[in-house]
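These notes are about the structure you will find just below.
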Amino acid sequence: EVIEQGAMGVDGTDITYIGPVPGEDELASYDEVIDCRGRAIMPGLVNTHGHAAMTLLRGYADDLPLQTWLEEKMWPLEAKFTEKQVSAGTALAIAEMIKSGTTCFVDMYDHMDEVAKITMESGMRARLCRGSIGLCSEEEQKQKLNEAVQFAKDWNGQADGRITTMLAPHAPYTCSPDYIRQFVEKAAELSLPLHTHMSETAKEVEQNVRDYGVRPVEHLRRLGFFDQPALVAHAVHVTDEEIDILASYDVKVAHNPESNLKLGSGIAPIPKMLEKGIRPGLATDGAASNNNLDLFEEMHIAAMIHKGVHENSVLVPAMTALKMATLYGAECAFLEKETGSLEVGKKADFVVLDLSGPHMQPLHDVVSHIVYSANRNDVLDVYIDGKPVMRNRELLTMDEEKVKYAANRAIQEIL
């Protein structure tokens, strides 16, 4: 719903009023009144899948096939990452996300204590998990699982509830069935959601059939992965039958349109998913495969590519794309009770968007303009948990110059 000439009231961390502009007497009861004429107040964006510290690898190795890019370029350099690189890369990512209107993100990586610390300091909201690649000895696998479980226990509910956690075996092609099963058991024990990469490329699906006799969706179903609340990233190469399975288990899907396009992985069948009742969220993936963390771009692309591919201009309309970046994204992060929409009782995670630019005129339809015309530079203010983290495009919880300097220095140290 779009409310023109509306107002929103915030008390502490929560939204307490949405509706017409109150009278002078009621306005006088507030400590602060902010005039947002010529602007739109919209829910903060939710990035449902990424690897924040990979901002340090932005532009490092482009235009390569996924497996070559991963195995020959990304993984060897990432193996050199220490806490310092992860901390600096995450800070850079969070600064970029805030400046482009993202108030909540899902992150899967290593050295996750550093990610959590930066998240806490920055004021961001996040669902965090220690990603575990099982291509290693049994002893290393056990160590990674223990780290993932300990991180999940230590940080779930921290930063006044802004940080929540889940468990994340990296992917069916990097984790054995037994290893995935161990994560499933721990997730059930801790009542935590699960997250993994799934069916990103045709090659990955073919490998799964070769190794295990079934495609990834059925493979994960048999391992009990979908018996827990589950979020899968990509789901590019899924059949109609697999979409039915995902829908029946209420599996959440993180749609990464730009990353999938850039890596030549394909285009996820989002219209079919929506038809079956799946509500995909939007995601950027890591900045090394995108190469930015701008959800306004993802909204724009998600609303366009499915129209073009299917030669059907009514697929993924603007309002659906906006929901994918907000409410559906919150559902994918299992945080829809806290964020994703502007409703009384939810957390005050919102963005103030400038509508005055020439590219936003005339204002026939604000939702259409947000999806098809707006860009990250139109984001003026960002609030998370009722607190301003950016005002008039100036970051308030981070020193932007220091963040950029530290990130450049951290990557140079290991190149």
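The values are calculated or read from the model by the stated rules, or taken from the named source; none is laboratory data. Bear in mind that the values here come from a model prediction, so they are computed numbers and not experimental data. Backbone-built Cβ (ideal geometry, glycine too); neighbour counts: all protein chains shown. Surface accessibility is based on the protein's heavy atoms, side chains included, excluding ligands, DNA and RNA. Shrake-Rupley method; radii C 1.70, N 1.55, O 1.52, S 1.80 Å.
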TODO: Kindly count the pairs of lysines across segment 292-415 whose alpha carbons are less than 29 Å apart, treating pairs on different chains or eight or more residues apart as eligible.
DONE: 12
Task: Cβ-defined net charge surrounding Arg221, 12 Å radius [Lys, Arg +1; Asp, Glu -1] - done: -3
Open item on the list: Under a Cβ-only charge scheme (Lys and Arg +1, Asp and Glu -1), can you give me the dipole magnitude of the chain about the Cα centre, in debye to the nearest 20?
Closed with: 580 debye
Task: Pairwise Lys count, segment 112-210 - Cα closer than 15 Å, eight or more residues apart or different chains - done: 5
TODO: Compute the length gained on full extension between Tyr372 and Lys153: take 0.36 nm times their separation in residues and subtract their Cα-Cα distance, giving the result in nm to one decimal.
DONE: 74.7 nm
Task: Probe 1.4 Å, protein heavy atoms only - accessible area per residue of segment 339-415 in square angstrom - done: 50 Å²
Open item on the list: Over segment 220-279, with the other protein chains present, what is the accessible area per residue in square angstrom, probe 1.4 angstrom?
Closed with: 37 Å²
TODO: Calculate, in nm to one decimal, what Asp178 and Lys404 gain on full extension: separation in residues at 0.36 nm each, minus their alpha carbon distance.
DONE: 77.2 nm
TODO: Using only Cα atoms, find the angle between the long axis of helix 400-412 and the longest principal axis of the chain, and express it within 0 to 90 degrees, rounded to the nearest 10.
DONE: 20 degrees
Open item on the list: Which aspartates and glutamates, if any, have their Cα less than 12 Å from the Cα of Lys99, not counting same-chain residues under 8 positions apart?
Closed with: Asp294, Asp378, Asp381, Glu394, Glu400
Open item on the list: With every protein chain left in place and a probe of 1.4 Å, what is the accessible surface of Arg222, to the nearest 10 Å²?
Closed with: 150 Å²
Open item on the list: Residue by residue through segment 264-272, what is 3J(HN,Hα) from phi via Karplus (6.51 cos²θ - 1.76 cosθ + 1.60, θ = phi - 60°)? Round to whole Hz and write x for glycine and proline.
Closed with: x, 7, x, 10, 5, x, 4, x, 5
Open item on the list: Skipping prolines and chain starts, which residues have an amide H placed within reach, meaning under 5 Å, of the one on Ala7, given they are 5 or more residues away or on another chain?
Closed with: Gly19, Val21
- [ ] Would you give the gap between the C-alpha center of segment 30-61 and the C-alpha center of segment 185-252, rounded to a whole Å?
- [x] 29 Å
Task: Selected from Tyr109, Thr201, Val344, residue furthest toward positive end of dipole (the chain; charges at beta carbon) - done: Thr201
Open item on the list: Can you tell me the length gained on complete extension of the stretch Val2 to Glu71, counting 0.36 nm per residue apart and subtracting the Cα distance?
Closed with: 20.2 nm
Open item on the list: Given a 1.4 angstrom probe, I'd like the percentage of the accessible area of the chain that is carbon and sulfur, rounded to a whole number.
Closed with: 48 percent
